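Working notes, structure below.
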Amino acid sequence: MTERVFNFSAGPAILPEPVLEAARSALWAFEDSGIGILEHSHRGSYFTKVIEETVSNCRKLAGISDDYEILFIQGGASTQFFMAPMNWLSEGKTASYVNTGTWCKKAMKEAKLFGNVHVAASSEDKNFSYIPTNEEIKWQSDSVYAHYTSNNTIVGTQFTALPSAPTGVPLFCDASSDIFSKPIDIGAHGMVYAGAQKNLGPSGMALVIVRKDLVESANEGLPSMLQYRVHAKAGSCFNTPPTFGIYIMGEVFKWILAQGGLDAIAKINEEKAGILYSFLDESAMFSGTTRHDSRSNMNVTFRASSEELEAAFIKEATAAGLPGLKGHRSVGGMRASIYNAFPTNGVTALVDFMKSFEQKNK
Ligand SMILES: *Cc1c(COP(=O)(O)O)cnc(C)c1O
């Protein structure tokens, strides 16, 4: 098949078509070099320009000051789950986490290898179907950092307001599934990290935005590859970095800038998710699974009135060119992942399909 379909996959996920077009040509011969982007030395002039541009466009996109390092680190968000505590936590010290789902539980499990974990709030009592309010979050005031997951990819919830950490405690965010989907106040954070495969590019790496003073004060004596200061000092080229991933991320940043930046993309994302949620609110067969004030604009989770109907729906949707709608294996139901690159007409196509499925199965 050469035609592209509306891919609702949660990650690796859909990428902007202009980015894929650029990559297709860069793969063969990058700019005027006669060498494909995959074949360029990470220390040569062509790739050096790519990484520098990617960093500067990242700064431009989110208004990131020079007080922050922008790093590209291998191993996805899951490596950040242990690398962050390894760098700042230690025996006798505590890190606070807001537990809003599976990814956060995985992050806490890793942190426990290095020190104490304080659960500042948890929505596990209601299957993670909501985001705790700022009043409900009880950070431990002497935490080395305060961690939250801005968008919960599996259950489909998203923070709409920034959690406020105690004075002097750096706020850490796993923003893997909603980074650059709306404006983000980097200055309010000590660190923001994101696995690339939802909103940024290919899997296997993470974008890490981290305050320079934290990098400098991090624990010593760790393996080189697991120290932020080593990556920072080497401009993410301590070893051979994931050059293709960095190239694609750079193209994605250019694409977001061309869309009008984060304000513009946020508006489009609001609209897209709104189309789907309005339909879910009026449908007799389908319903959303998360609390209204906690709904994610990136991962829209929903159920049908029976599991048989859900199975039939997923199967027929896939056959109709709408693949990737099966919910995560841990929660069932359906999930439409509609990241930055997912087009609005794909969302209306899904709603049209749901309407006719509902009619047919009345
Ligand atoms: C996908 C995801 C991860 C895991 O990312 P990997 O790159 O597979 O390690 C972590 N956190 C969140 C919120 C995610 O959506």
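Just so you know, all these numbers are worked out from the coordinates, no wet-lab data involved. Note that the coordinates shown come from a computational prediction; the quantities given were computed from them, not determined experimentally. Cβ coordinates were reconstructed from backbone atoms using ideal geometry, including for glycine residues, and neighbour counts include every protein chain displayed.
Hey, which of these cross-link pairs are over 29 Å Cα-Cα: K93/K326; K60/K109; K60/K272; K112/K267; K60/K267? Beyond 29 Å: K93/K326; K60/K109; K112/K267. The C-alpha atoms of the stretch 116-226 occupy a region whose extents along the principal axes are 41, 37, 25 Å, arranged from largest to smallest. With a cut-off of 11 Å between beta carbons, the residues surrounding F253 carry a summed charge of +1, where Lys and Arg count +1 and Asp and Glu -1. Taking packing as the residue-averaged number of other Cβ atoms within 10 angstrom, the listed peptides 85-94, 295-304 run from highest to lowest as 295-304, 85-94.
Cα centroid separation, the stretch 77-102 to the stretch 3-56: 32 Å. Other residues within the sphere of radius under 10 Å centred on the Cβ of T301, judged by their own Cβ, net out at +3 (K and R +1, D and E -1). The Cα atoms of the stretch 94-165 give a gyration tensor whose axes a ≥ b ≥ c have a/c of 1.5 or more with a/b no greater than b/c, which makes the shape oblate. Computed over all pairs of different Cα atoms, the Kirkwood value for the hydrodynamic radius of the stretch 171-244 is 13.4 Å.
For the stretch 140-194, a Kirkwood radius taken over Cα pairs fed into Stokes-Einstein (20 °C, viscosity 1.002 mPa s) yields D = 185 µm²/s.
For the stretch 265-289 versus the stretch 308-362, the inter-centroid distance based on Cα atoms is 12 Å. Backbone N atoms of the stretch 190-231 closer than 16 Å to the 7 Å Cα→Cβ label point of S90 belong to residues 214-223, 227-229. Take each uninterrupted DSSP H stretch in the chain, measure its Cα extent along the helix axis, and return the ones at 15 Å or beyond whose mean Kyte-Doolittle hydropathy is at least 1.0. Length and hydropathy pass: 243-258. The listed peptides 124-130, 53-59, ordered by packing as a protection proxy, come out as 53-59, 124-130 (highest mean of other Cβ atoms within 10 Å first). The Cα atoms of the chain define a convex hull whose projected area, averaged across directions, is 18.3 nm². Find the percent of Cα-Cα distances in the stretch 1-157 that exceed 27 Å, and round it to a whole number. Of the Cα pairs, 46 percent sit more than 27 Å apart. For the listed peptides 37-46, 95-104, a ranking on the average number of other beta carbons within 10 Å per residue, highest first, reads 95-104, 37-46. The radius of gyration of the Cα set in the stretch 211-352, together with its Dmax, comes out at 20.6, 59 angstrom. Other residues within the sphere of radius under 13 Å centred on the Cβ of T290, judged by their own Cβ, net out at +3 (K and R +1, D and E -1). Based on alpha-carbon atoms, the Kirkwood radius and the radius of gyration of the stretch 298-356 give Rg/Rh equal to 0.94.
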